[in-house]
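One structure is given below, encoded as structure tokens.
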Amino acid sequence: MGKCYYSEDEEKTKQPNYILNIELIPDGCWKENLRTMFPQKVWDVIRKQAYKEADGKCMICGRKVNRLEAHERWNYDEENGIQILKDVIAVCKNCHECIHIQRTTLMGREKEASEWFMKVNNCSYVDYLHCVGKANEDQKRRNKVSEWKVDLRYLQKYLQGENK
């Protein structure tokens, strides 16, 4: 499993650079994802490409699993209100539950997810709580944007037929 380390910039603020992170999306972006934006066969092409690149292993923890899940990674340009798709990766259920900790908590699996987060990142429960707090701060700040535009330029490679 991964090790927790600090990047040069993060050393100043002691924000760890984990391999598994909590990614809370702004409330206004809920239910807006590639599965809802495109027909099923388009989503299938995108997610299957991520599975192919993963070769049966979680792209976060590296564990070989029978079933992978597709996860969309987004950046947020808060100044201009743009949600930018940066990648679609294949992850195991455990990592996916950590990434979407709010949903996981609602399903009653926060304890298991927090344990997995700590194992993968080789960190403590206090570190985990700090990351949850930071993710909540980011989400709260992003929730101040009244309406998000979506940038899907990442998908150009699919639209241009690069990944058949």
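Name the long-range amide H neighbours of Trp74: under 5 Å, sequence gap of 5 or more, or other chain; modelled H, no Pro or chain starts.
Residues meeting the amide H criterion: Lys86.
Under a Cβ-only charge scheme (Lys and Arg +1, Asp and Glu -1), can you give me the dipole magnitude of the stretch 98-164 about the Cα centre, in debye to the nearest 20?
Values: 13 positive and 9 negative charges, 50 e Å.
Dipole magnitude for the stretch 98-164 comes out near 240 debye.
List the GluC sites (Glu not before Pro) within the stretch 70-114 that fall in a DSSP loop (any state other than H, G, I, E or B) and whose Cβ has at most 11 other Cβ atoms within 10 Å. All intermediate terms of the calculation are to be shown ahead of the outcome.
Values: sites: Glu72, Glu78, Glu79, Glu97, Glu110, Glu112; in loops: Glu78, Glu79.
Loop-located and lightly packed - Glu79.
Go ahead and run the numbers for FRET between Asn122 and Asn75, Cβ-Cβ distance against an R0 of 25 Å, rounding to 0.05. Spell out each step's value before the answer.
Working: r = 26 Å, r/R0 = 1.04.
Computed FRET efficiency for Asn122 and Asn75 comes out at 0.45.
For every helix of n ≥ 4 consecutive DSSP H residues, a contribution of -39,500 (n - 2.57) applies; sum these over the chain, divide by its total residues, and give [θ] at 222 nm rounded to the nearest 500 deg cm²/dmol.
Values: 8 runs with 72 residues, N = 164.
That calculation yields -12500 deg cm²/dmol at 222 nm.
Could you pull out the longest piece of the chain with no exposed loop chymotrypsin sites (Phe, Trp or Tyr not before Pro) in it, calling a site exposed if DSSP puts it outside H, G, I, E, B and it has at most 16 other Cβ atoms within 10 Å? Each step should come with its number before you reach the end.
Values: sites that count: Tyr6, Trp30.
In the chain, the maximal stretch lacking such sites is 31-164.
For the stretch 13-164, give the percent of accessible area contributed by carbon and sulfur heavy atoms, probe 1.4 Å, rounded to a whole number. Kindly include the intermediate steps, with their values, before the conclusion.
Numbers: 4410 of 8990 Å².
Answer for the stretch 13-164 is 49 percent, counting heavy atoms of protein chains only.
How large is the Kirkwood hydrodynamic radius of the stretch 88-142, in angstrom, based on all distinct alpha carbon pairs?
On the way: mean 1/r = 0.0861 Å⁻¹.
One decimal place: 11.6 Å for the Kirkwood radius.
Quick one: dipole size for the chain, taken about the Cα centre, charges +1 on Lys/Arg Cβ and -1 on Asp/Glu Cβ, in debye to the nearest 20. Intermediate results must be reported in sequence, preceding the final value.
Details: 29 positive and 26 negative charges, 141 e Å.
That gives a dipole near 680 debye.
Per residue, how much accessible surface does the chain expose to a 1.4 Å probe? Answer in Å², no decimals. Present the calculation step by step, with values, prior to reporting the outcome.
On the way: 10100 Å² over 164 residues.
Solvent-accessible surface per residue comes out at 62 Å².
The values are calculated or read from the model by the stated rules, or taken from the named source; none is laboratory data. Values in this document were obtained by computation on a predicted structure and should not be read as measured data. For neighbour counting, all protein chains shown are included, and Cβ atoms are generated from backbone atoms with ideal geometry for every residue, glycine included. These area figures cover heavy atoms from the full protein model, side chains too; ligands, DNA and RNA do not enter into them. Shrake-Rupley method; radii C 1.70, N 1.55, O 1.52, S 1.80 Å.
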